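Peer 1: This structure is in structure tokens; I'll ask about it shortly.
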Amino acid sequence: MPFQFSRTRIPEVILIEPRVYLDRRGFFMESYKRSEFAAHGICETFVQSNHSFSAKDVLRGLHYQRNPKAQGKLVRALVGSIFDVAVDMRRGSPTFGKWLGVELSAVTRSMLYVPPGFAHGFCVTSERAEILYMTTEEYAPAYEAGVSWQDPDLAISWPTANPELSERDAHWPIFREADHNFEYSLDTSLDQRT
């Protein structure tokens with residue numbers, strides 16, 4: 001099997017570790033295989049791929065798109081390392097308002113699947129980082145929204161207290177005031193899909 005899929009403490013957020021084949025020439029790995037992902041509950045189709053570059057302590061997020069353009073994301077670090085965060089925004093979910101943070105790096109080559117209904121962000125922990133992430137919906141500015149990175153109720157343990165932010169990311173509302181329309185459903189939970 002080319003991947004190991006691990007449920008996190010928020011079961012719908014999945015850590016994916018690819019099998020890497022190393023030799024004197026370098027390495028080879030599969031970074032996505034639809035049949036393997038679907039067999040482990042990630043059945044969405046990815047329709048857009050984004051590549052970003054950031055310096056140390058840059059924080060991007062917390063972002064999401066409202067329904068009907070909610071995005072699932074498959075995130076990986078191509079260069080450097082990041083602290084990657086997902087926040088459950090699905091009303092009625094057992095983990096509503098909870099967050100999960102994992103390190104993704106070019107060394108481990110791990111990926112994180114963040115499903116629709118979650119806010120997502122990351123902070124660069126290396127001198128520089130390049131991030132590639134695929135999304136299940138195209139970017140739709142009319143549906144774009146966000147949550148403050150420093151919401152005291154979420155109390156995310158970011159790796160820096162003074163990140164470099166965009167003007168937009170510096171002014172997102174706190175979680176309880178955020179404009180979102182996500183509802184939890186057992187019909188779409190990971191338990192029902194695997």
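The values are calculated or read from the model by the stated rules, or taken from the named source; none is laboratory data. This one's a predicted model, so the numbers in the text were calculated from it and none came from an experiment. Neighbour counts are summed over all protein chains in view; Cβ atoms, including those assigned to glycine, are modelled from backbone coordinates with ideal geometry.
Peer 1: Can you find even one residue in the stretch 120-127 that is surrounded by fewer than 20 Cβ atoms within 10 Å (Cβ to Cβ) and without any contact (Cβ under 8 Å) to a residue 40 or more places away in the chain?
Peer 2: no
Peer 1: Report, ordered by the first and then the second residue, all pairs with beta carbons closer than 7 Å, sequence separation of six or more or different chains, a first member in the stretch 155-176 that is modelled with pLDDT of 95 or more and of a type in the set (Phe, Trp, Tyr), and a second member that is assigned to a loop (DSSP other than H, G, I, E, B) and surrounded by 13 or more Cβ atoms within 10 Å (Cβ to Cβ).
Peer 2: Correct list of pairs: Trp158/Trp149; Trp172/Val147; Trp172/Ser148; Phe175/Gly97; Phe175/Val147; Phe175/Asp151; Phe175/Leu154.
Peer 1: Checking Thr45 against (1) loosely packed, with under 12 Cβ neighbours inside 10 Å; (2) closer than 20 Å to Arg109 by Cα; (3) β-branched (Val, Ile, Thr), which test does it fail?
Peer 2: (2)
Peer 1: Could you go through the stretch 101-121 and let me know if any residue there is of a type in the set (Val, Ile, Thr) and within 14 Å of Arg60 (Cβ to Cβ).
Peer 2: Yes.
Peer 1: Kindly indicate which of Ser126, Ser105, Ser110 is touching a Leu at 6+ places or on another chain (Cβ under 6 Å) and of a type in the set (Ser, Thr, Tyr). Spell out how you get there, then give the answer.
Peer 2: Working: Ser126 fails: touching a Leu at 6+ places or on another chain (Cβ under 6 Å); Ser105 fails: touching a Leu at 6+ places or on another chain (Cβ under 6 Å).
After applying the criteria, what remains is Ser110.
Peer 1: Looking for something among the aromatic types (Phe, Trp, Tyr), surrounded by 15 or more Cβ atoms within 10 Å (Cβ to Cβ), touching a residue at least 24 places away in the same chain (Cβ under 8 Å) and in a strand (DSSP E or B) - is there at least one such residue anywhere in the stretch 48-63? Spell out the reasoning first.
Peer 2: Within the stretch 48-63, the subset among the aromatic types (Phe, Trp, Tyr) is 53.
Filter once more, keeping what is surrounded by 15 or more Cβ atoms within 10 Å (Cβ to Cβ): none.
There is no residue in the stretch 48-63 that is among the aromatic types (Phe, Trp, Tyr), surrounded by 15 or more Cβ atoms within 10 Å (Cβ to Cβ), touching a residue at least 24 places away in the same chain (Cβ under 8 Å) and in a strand (DSSP E or B).
Peer 1: Right, here's the next one. Of the residues that make up the stretch 9-26, is at least one under 24 Å from Pro141 (Cα atoms) and either without any contact (Cβ under 8 Å) to a residue 12 or more places away in the chain or among the small types (Gly, Ala, Ser) (or both)?
Peer 2: No.
Peer 1: Does Ser49 meet the test of being of a type in the set (Gly, Ala, Ser), touching a strand residue (DSSP E or B) at 6+ places or on another chain (Cβ under 6 Å) and modelled with pLDDT of 95 or more? Reasoning before the result, please.
Peer 2: Numbers: of a type in the set (Gly, Ala, Ser): yes; touching a strand residue (DSSP E or B) at 6+ places or on another chain (Cβ under 6 Å): yes; modelled with pLDDT of 95 or more: yes.
Answer is yes for this residue.
Peer 1: Of all residues in the stretch 128-165 being of a type in the set (Asp, Glu) and within 27 Å of Leu186 (Cβ to Cβ), which is surrounded by the most Cβ atoms within 10 Å (Cβ to Cβ)? Steps first, answer last, please.
Peer 2: First, the residues of the stretch 128-165 that are of a type in the set (Asp, Glu): 130, 137-138, 144, 151, 153, 164.
Filter once more, keeping what is within 27 Å of Leu186 (Cβ to Cβ): 137, 153.
Values: Glu137: 20, Asp153: 9.
This residue is Glu137.
Peer 1: For the stretch 64-77, which residues satisfy the criterion of being surrounded by fewer than 16 Cβ atoms within 10 Å (Cβ to Cβ) and of a type in the set (A, V, I, L, M)?
Peer 2: The initial filter retains those residues of the stretch 64-77 that are surrounded by fewer than 16 Cβ atoms within 10 Å (Cβ to Cβ), namely 67-68.
If the condition is that a residue be surrounded by fewer than 16 Cβ atoms within 10 Å (Cβ to Cβ) and of a type in the set (A, V, I, L, M), then no residue fits.
Peer 1: When only residues in the stretch 52-73 that are in contact with a strand residue (DSSP E or B) (Cβ under 6 Å, 6 or more places away or on another chain) and among the aliphatic types (A, V, I, L, M) count, which is farthest from Ile131 (Cα to Cα)?
Peer 2: The selected residue is Leu62.
Peer 1: Within the stretch 4-58, how many residues are among the basic types (Lys, Arg) and under 22 Å from Gly121 (Cβ atoms)?
Peer 2: Taking the stretch 4-58 as the starting set, the residues that turn out to be among the basic types (Lys, Arg) are 7, 9, 19, 24-25, 33-34, 56.
Adding the requirement that they be under 22 Å from Gly121 (Cβ atoms) leaves 7, 9, 56.
Residues in the stretch 4-58 being among the basic types (Lys, Arg) and under 22 Å from Gly121 (Cβ atoms): 3 in total.
Peer 1: Another question about this same structure. For the list (1) touching a residue at least 60 places away in the same chain (Cβ under 8 Å); (2) over 11 Å from the mean Cα position of the chain (by Cα); (3) farther than 20 Å from Gly41 by Cβ, I need the number of the one condition that Ser93 fails.
Peer 2: It fails just one condition, (3).
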